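Here's the structure, in C-alpha cells; my notes come after.
The values are calculated or read from the model by the stated rules, or taken from the named source; none is laboratory data. Keep in mind the model is a prediction, meaning the values are calculated, not measured. Here Cβ is always computed from backbone atoms with ideal geometry, including for glycine, and neighbour counts include all displayed protein chains.
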Amino acid sequence: MTSLMCRLLCFIGILASGTLGTFPQFGSRNRQIHSIISLIPRESSQVPPRVHQRFEEIKSIELTSDEEPSAERFQEVQLGGHTARGFQQQQGARAGANNYLAQERRRADSGAGGTNSGFHHYQSSHDQPLSQLQHKAVSWQLAGDASVSPASIRADTATRSNCRNRPIDLVFIIDSSRSVRPAEFEKAKEFLQDMVESLEVGSDATRVGLVNYASTVQIEFLLNTYFAKSALKQALARVEPLASGTMTGMAIKTAMEKAFTAAAGARASSTNIAKVAIIVTDGRPQDKVEDVSAAARASGIEIYAVGVDRADMMSLRLMASQPHDDHVFYVETYGVIEKLTSKFRETLCGKDDDNGSADIPLDGGIDDYGLGGRKDGKGINNEKEDKGNNGLDACAQGHNCQHICVNNGNSYNCKCRNGYVLNPDKRTCSRSDTCAQGHDCQHVCVSNDDSYLCKCRKGYVLNADQKTCSHLDSCSQGHDCQHICVSTDDSYICKCRMGYLLNVDQKTCSHLDTCVQGHDCQHICVKNNDSYLCVCHEGHVLNADKKTCSRSDPCVRGHDCQHMCINSDDSYICKCQVGYELNADQKTCSRLDTCAQGHDCQHICVKNGDSHLCTCHDGYVLNADQKTCSRSDPCVRGHDCQHMCINSDDSYICKCRTGYILNPDKKTCSRSDTCSQGHDCQHICVSDNDSFVCKCRMGYVLNADRKTCSRSSLDACAQGNNCQHICVNNGNSYICKCRVGYMLNMDQKTCSRSNACAQGHDCQHICINNGDSYNCKCQVGYVLNADQKTCSQEMRSEITQDACMCEAQIVFQKKVQSTIQELSRKLDELSDKVSLIEGQQQH
C-alpha cells in the first residue's frame, strides 16, 4: 500500500508541476479546476511535507472543468502502476504535457495569450490517450467571467481558426422548412458561417457547397463557386428559407448527383480528398432516406447528421455514416447549435502539429465524451445548455429520457418540453391535449400544438369570433337538384317545377306524361313538353292530319344503295347498274374487273367501264398501239431549266442560249461578257445583254457619242456608273442595287433574276420559276390539285372519249404549256431591257 501511495503521489506531483507550474496566468480570478487534493489524505506519514506544500499551491488556483470526474475515473488514477496505464505511460504523459506547454507558451508569445487565450486538447506524444484525471488537468474552460462573451470567444477563435485541415469537399444540406422559424434559420446560418471561418478554404484547400431544402431542393452554390471565406460567408448570409415540407431524401439525392460531381467542383477520388456532407434538420423526413443515404455513402460521401429540437433520431441514424457515435449529433434548440462548431472543427481539421494535438475553439464544449459531446443512452451526441454541478452528472452518464434529463442527486428525472406531458413510463413524452384543459368552442375543439382551434359540426359554419357556429344554407353550399333545392335542417330536398314529376333518384325531374292522360294518335304517341306528337310504325308515314298513318315507299323514305333501290314489302334491296357487281355489304357496287379477266397492256391495265385502258410506268409514254410503252422525254415531263432542257438518258441537263452562261446551280443562266470580245469604250465597258454599254470612271461623264468621257463635277452616279439596274450615291462614290425580283451578283454591279424555287418552295413535284415567284407542276400521269401545290394521279378510267385522242390532247397541252413558258421568259427579258433603257434615260 505504501509503494502504491508513493507512486500515486509522484504521478500527481509530476502532473501538477508539468501543467500548472508553467501557467502563471491561470492564477487570475474566476478560473477553477476540480481539486484533486481530496484524493490524498491530509495526514499521512507516507506523504512528505514537500508534497503537501505542492498540493496546497495547486488548491489555491481556482480552475474547473465542465464535469466532475466519476469515482470510476479516479479509481483509474489511484490504481497507479497496477492498471494498464503503467508508470511508463505516466512518464510519457509528463513529456507530452511539457511539449504541449511549450507550444502554448509560443502561441501566447505570438499574440494569442491574455485572459481570453484558447487552450488545446492534449494527447501524449506517444499517441496514448490521457487518463481522465490528466485530461481534466489540461482541458481548461473559462467560467464565471462576465467580460468573456461568446462573441469575443468567436473572435479569438477566428484569429487562429485556419487550422491546417486536410482538404475536403464539404457540402452543407440545410433544412429550411416551415418549422424552422426565421430567427432559428439565422442561427443555423451563423453556425455555417462559424464552420467556414474555422476551415482553410481555397481551390486547393477545402471547398464548400450548400444545398437548401424544404418541399423542394435548391442548390445555393456549388463547390467551385466560391474559394474565398468572405465571399462564402456573404453567400451564406443571403440564403433564404424555402417554407413548407421536409424532403430530406430528395435533398441527399440532389447533393449526391449534382453537388458532388466534377462539374460542380468535386475532386476525383484518386486525389484522396474526402467528400463530406453535413445535414442539419429539425423534423422528420417526409420521404424515404435509408436507400438514398446508403447510395450516397456507397459513392464515397461521409454523412454527418445534426438533429435539432423535434428531429427524429431514427432518421438521423439512417442517414449518417458509421459509427453513429461520431456522426450523429443532437441539440435542443438552434440557440445552442453553435456549440457543435468546435466538434466538427476537431473532426475536419485533423492533427495540426507534431505532437498530434488538434485545434479546438474554446466555446466548443469538448468534454471527456469526445467529438460528439455527451451521448444519450442510444449513443447519440446530446449537446445541452451547460448547467454545471458539483456532484456526479447522472444525465451525462447516460439516460433514456425522450426530451429533457434533470439530475436528481445520484439519479435523474425526465421532463418534457413545453406543450408535452410525460407518459406513464416516466421517459417518453406526448403532446398535451389543450382541449382537455378547457376551451370555449361551441361545437368541436381540435388541439393544435400548444393551443387549439374551434371547428363546427356538419351543416354549420364558424363565425368571425372563431368560437361560435351558425347554421349554413345547405343549398348554397352546392346541390345536385335539377330544378329546385329546398334547405331542410342540416340537409336539403329537391323539388320540380310545375308540369314535372320528381324521378326515383329524388334529384332529377321528368315531364308529366301527356300521352297517358289521353291522345288520338293512330300509331304512337310521344310526349313533347306539355303536349304530345304522333309518329308512325316503321314502313308508314304520317298523314297531313298529323294523327293517322299510311304505308310508305321504303326507297322514297330513304336508302343507302349506291346505284338502285328496289322496294321489297316493308323494306328494300339494292342492285347495281350494268357492268357493276354488288359488294358484300349489299349496298355499294364495284366495276367488273375487266383487267383480271385478261389484257394485253405492257405495263399497267386500268379498268374503264366495261373495258380497260393501258398506262405506263413513271418515265414512260404509251405508244400509238395504246398497249406498249416507250421511255418518255424527261424534259417534256417537266424541268426547272431557265433556258433550254436537253434529254440525257432518264434525266436531263440545262443549257443556255447564245450570249448566256450556265450558273453554278446548273439551272439558271447569266449573260456572257460581250466586253471581253472587244469594245471601243474610252473608260469602262459594261456587258448589256448581247451587246455592251460604255461608262466613265469616277469624276467623268459620258459624252454624246456614248463612248468617250469628259471630266464632270456632278454626283457620282451622274458622272457615270456601271450598275446594271440602279445606281445609288454613296458619299463621293456609289453603290449598285437591283430591282425587285433580282439580286446583285458577286461583281456588285450586275443583277440576276432571283431563283424563287431555290429559295424554298412547297411544291410536291416540280417548282418552276415565274418572275419574282414560282409555279408548281406535276409529273406525267398526275394533275395539280386545287391548292396549286400537291398532285394526284390522273383517273384515266373516267375518260369516256377515245383513248388515243386523250393521249394526243395531253401531249398537245404539254407542248402548248412549254411554249407559253418560253414566251413568258422572253417577255421577262424584254421587260429587263426596257427597264435598263428607262434607267439610263433617267440618269
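Key figures
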item	result
Residue within region 205-225 that is over 23 Å from residue 340 (Cα atoms), touching a Leu at 6+ places or on another chain (Cβ under 8 Å), polar (S, T, N, Q) and in a loop (DSSP other than H, G, I, E, B) present	yes
Hits in region 239-279 - residues which are basic (Lys, Arg) and either under 16 Å from the mean Cα position of the chain (by Cα) or not assigned by TED's automatic domain parsing to the domain that holds residue 299 (or both)	253, 258
Selection from region 471-516 of residues that are surrounded by 12 or more Cβ atoms within 10 Å (Cβ to Cβ), farther than 23 Å from residue 460 by Cα, β-branched (Val, Ile, Thr) and modelled with pLDDT of 90 or more	508
Members of region 221-238 that are surrounded by fewer than 17 Cβ atoms within 10 Å (Cβ to Cβ) and within 19 Å of the chain's Cα centre (by Cα)	none
Selection within region 568-586 - over 30 Å from residue 614 (Cα atoms) and either among the aromatic types (Phe, Trp, Tyr) or surrounded by 15 or more Cβ atoms within 10 Å (Cβ to Cβ) (or both)	572, 573, 574
Exclusive hit being touching a strand residue (DSSP E or B) at 6+ places or on another chain (Cβ under 9 Å) and under 23 Å from residue 669 (Cα atoms), set 727, 738	738
Selection within region 720-746 - within 25 Å of residue 757 (Cβ to Cβ), free of Cβ contacts under 8 Å to residues at least 40 places away in the same chain and out of contact with any Leu (no Cβ under 8 Å at 6 or more places or on another chain)	740, 741, 742, 743, 744, 746
Condition broken by residue 413, with the remaining ones in (1) more than 48 Å from the chain's Cα centre (by Cα); (2) modelled with pLDDT under 90 satisfied	(2)
Filtered residues of region 615-672 (kept if hydrophobic (A, V, I, L, M, F, W, C), part of a strand (DSSP E or B) and without any contact (Cβ under 8 Å) to a residue 40 or more places away in the chain)	629, 644, 645, 646, 653, 654, 661, 662, 669
Residue 221 vs. criteria more than 27 Å from residue 326 (Cβ to Cβ) and either outside the structural domain of residue 327 (by TED's automatic domain parsing) or among the hydrophobic types (A, V, I, L, M, F, W, C) (or both)	yes
Residues of region 596-614 satisfying the condition of being over 17 Å from residue 794 (Cβ atoms), of a type outside the set (Gly, Ala, Ser) and without any contact (Cβ under 8 Å) to a residue 24 or more places away in the chain	597, 599
Segments classed as strands (runs of 3 or more DSSP E), wholly inside region 694-780, with at least 3 members that are over 30 Å from residue 825 (Cβ atoms) and more than 52 Å from the chain's Cα centre (by Cα)	700-702, 709-711
Test: residue 548 is touching a residue at least 24 places away in the same chain (Cβ under 8 Å) and under 60 Å from the mean Cα position of the chain (by Cα)	no
Filtered residues of region 435-463 (kept if over 43 Å from the mean Cα position of the chain (by Cα) and closer than 24 Å to residue 406 by Cβ)	437
The lone exception for residue 390 - which of (1) surrounded by fewer than 16 Cβ atoms within 10 Å (Cβ to Cβ); (2) part of a strand (DSSP E or B); (3) modelled with pLDDT under 80 it fails	(2)
Test result for residue 180, part of a loop (DSSP other than H, G, I, E, B), among the β-branched types (Val, Ile, Thr), in the same structural domain as residue 252 (by TED's automatic domain parsing) and closer than 24 Å to residue 246 by Cα	yes
Search result, residues across region 428-456 that are part of a loop (DSSP other than H, G, I, E, B) and touching a residue at least 24 places away in the same chain (Cβ under 8 Å)	428, 440, 441, 442, 443, 449, 450
Qualifying residue in region 543-565 (condition: among the basic types (Lys, Arg) and at positive phi)	yes
Region 426-470 - residue that is surrounded by 15 or more Cβ atoms within 10 Å (Cβ to Cβ), hydrophobic (A, V, I, L, M, F, W, C) and in contact with a Ser or Thr (Cβ under 9 Å, 6 or more places away or on another chain) and, of those, farthest from residue 399 (Cα to Cα)	462
Matching residues in region 673-693 - criterion: being aliphatic (A, V, I, L, M) and free of Cβ contacts under 8 Å to residues at least 40 places away in the same chain	684
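Here's the yes/no breakdown for (1) small (Gly, Ala, Ser); (2) surrounded by 15 or more Cβ atoms within 10 Å (Cβ to Cβ); (3) over 26 Å from residue 821 (Cβ atoms):
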residue: 638; (1), (2), (3): yes, yes, no
residue: 646; (1), (2), (3): no, no, no
residue: 668; (1), (2), (3): no, yes, no
residue: 682; (1), (2), (3): no, yes, yes
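Condition check ((1) crowded, with 17+ Cβ neighbours inside 10 Å; (2) modelled with pLDDT of 90 or more; (3) in the same structural domain as residue 208 (by TED's automatic domain parsing); (4) aromatic (Phe, Trp, Tyr)) across all residues:
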| site | (1), (2), (3), (4) |
| --- | --- |
| 157 | yes, no, yes, no |
| 161 | yes, no, yes, no |
| 164 | no, no, yes, no |
| 168 | yes, yes, yes, no |
| 171 | yes, yes, yes, no |
| 175 | yes, yes, yes, no |
